[in-house]
1. Checking the a/c ratio against 1.5 first, then a/b against b/c, what shape does the Cα gyration tensor give for the stretch 1-124?
2. With the cut-off at 31 Å, tell me which of the pairs 38/221; 92/228; 26/221; 38/157 have Cα atoms farther apart than that.
3. Tell me, what is the Rg over Rh of the stretch 165-275, with Rh the Kirkwood radius over Cα pairs?
4. Which value, in Å², gives the accessible area per residue of the stretch 145-248 when a 1.4 Å probe is used on the protein heavy atoms?
5. Report the far tail of the P(r) of the stretch 90-192, meaning the percent of Cα-Cα pairs longer than 19 Å.
6. Over the Cα atoms, compute the radius of gyration (one decimal) and Dmax (the largest Cα-Cα distance, rounded to a whole number) for the stretch 114-168, in Å.
7. Per 5 Å bin from zero, what fraction in whole % of the C-alpha pairs of the stretch 10-51 is there, up to the bin with the longest pair?
8. Over what distance in Å are the Cα centres of the stretch 97-114 and the stretch 129-193 separated?
Amino acid sequence: MEVYIVGICIAVCGNFLISISLNIQKYTHMRQSQRGTKPYYTSRLWWCGILLMGLGELGNFAAYGFAPASLIAPLGCVSVIASAVISVVFLKETLRASDILGGALALIGTYCLVTFAPHSSPHVTANMVERSLVSWQFLIYFLFEAILFAVLMYFYKCRNVKHIVIMMILVALLASVTVISVKAVSGMITETIRGSHLQLTYPIFYIMFIIMVTSCAFQIKFLNQAMKLFDATEIVPINYVFFTASAIVAGILFYEEFYGLSIIHIIMFVVGCLLAFTGVFLIARARPRIKMDRVFISMGQIPGKSCTDKVQPQSDDSKYGKLASKLTCNSEIQQDEP
């Protein structure tokens, strides 16, 4: 089996586990709200969801060691599709025509991405990472990112401009650094496990690990702030598009993943991205109201008690903000809870 197929399989499985985790935690919050008893974190079911989230994120991390970042990052749409299906089947959410169309477009786009994306990338070693860090194309890209980040932070902090696009670009700029560092750390660990050369003795490994943790933490911070101001149905598609675009650019400039790829493959890859983006927008758009009592009756929970709610809650309900935060770096689940 080709190495990149291993990465695809791991990423798909990881995103599927994440979608299950998100719905388990959503159901736990709905049940606790309906019962009005103990806090959500006392529920064993909620902790099962957290465990699945950790396994899914570990799978995504490992996938970067086997396949190009520009191939792994767009596969985040698998989680959106799976989450929509699980919500319909188990949480009794209404199935809409836009969900079917969005799912079909996302699946077609995913097929194009897997087919036409670069299937190979250079082995990630400490020496390779060091050379890429001082390459002229990365230095120009990083300088542009730093200036743009400083300008946006000025408007965000000093001018108090809380526009969703500004906040999502800040998250995407940090996500680009996260993807570079995640692939570097994962790639060097993979090379070490393969036994080709011990990479963990190089200082650059620990430098990239610190960068990965730091960028991820700030990414979580800005994403959580966005979830407090905007609805999840806005955050999900915009964050997916910006995160995927930033990961692709990082893969091109830092890891030269598109080097030698034919024009037709590049065009079809872009078409696949556009189809996946459109599909995610259609799936994540405002959800219809559902009857919560249907959920609990179907799962054997407190029958006869009726209540209405939204599958995608209002923007001021921070408990459910994590449903969107999964597409960049899903460890923010625990930090986003009140």
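The values are calculated or read from the model by the stated rules, or taken from the named source; none is laboratory data. Note that the structure is a prediction, hence the values are computed from the model and not measured. All accessible areas refer to the heavy atoms of the entire protein, side chains included, with ligands and DNA or RNA removed. Shrake-Rupley method; radii C 1.70, N 1.55, O 1.52, S 1.80 Å.
1. Values: a/c = 4.13, a/b = 1.61, b/c = 2.57.
Oblate shape, in that a/c is at least 1.5 and b/c is the bigger or equal ratio.
2. Values: 38/221 27 Å; 92/228 26 Å; 26/221 21 Å; 38/157 37 Å.
Those over the limit are 38/157.
3. With Rh from the inverse mean 1/r over Cα pairs, Rg/Rh is 1.05.
4. On the way: 4310 Å² over 104 residues.
Ligands and nucleic acids excluded, the figure is 41 Å² per residue.
5. 67 percent
6. Cα-based Rg and Dmax for the stretch 114-168 come out at 17.0, 45 Å.
7. 6, 26, 27, 18, 11, 7, 4, 1
8. Cα centres, the stretch 97-114 to the stretch 129-193: 29 Å.
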